[in-house]
1. Scan the range 23-37 and report the pairs whose first residue is under 16 Å from T66 (Cβ atoms) and whose second residue is surrounded by 14 or more Cβ atoms within 10 Å (Cβ to Cβ) and among the hydroxyl-bearing types (S, T, Y), with Cβ atoms within less than 6 Å and a gap of 6+ or a chain change.
2. I want to confirm something. Restricting to the range 66-82 and keeping residues that are closer than 30 Å to I13 by Cβ and not small (G, A, S), which single residue is most open to solvent (accessible area, probe 1.4 Å)?
3. Of all residues in the range 34-65, how many are closer than 19 Å to F76 by Cβ and exposed (fewer than 14 other Cβ atoms within 10 Å of the Cβ)?
Amino acid sequence: MTAKDDRSHRPSIAGFVYRFLAGAALGGMLLFIPLSVSSIHLNPFQVVLASALVMLCGVFSGTLGTKFAASMLKSFESSGFY
């Protein structure tokens, strides 16, 4: 195996960043949909939890890739908001 073949199997940092951003966007949508149809006033603790959820969705999407994104989109479809 040559060095070129070895590099092609390693995941790239740019790919991880793109998947992270896509997962964070999905997590943001997950939070935005219920907040947009209700009149909830958020306190700082809830904002921290919401930010943690968005970051967690980004990390899961970055590491698991399309498996996580597909399961998130499937849950959006079955939620009734879609």
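1. G23/S61
2. Restricting to residues being closer than 30 Å to I13 by Cβ and not small (G, A, S), the top hit is K67.
3. Residues in the range 34-65 being closer than 19 Å to F76 by Cβ and exposed (fewer than 14 other Cβ atoms within 10 Å of the Cβ): 6 in total.
The values are calculated or read from the model by the stated rules, or taken from the named source; none is laboratory data. All figures in this text were calculated on a predicted structure; none of them were measured in a lab. All Cβ positions, even for glycine, are placed from backbone atoms using ideal geometry, and neighbour counts span all protein chains on display. All accessible areas refer to the heavy atoms of the entire protein, side chains included, with ligands and DNA or RNA removed. Shrake-Rupley method; radii C 1.70, N 1.55, O 1.52, S 1.80 Å.
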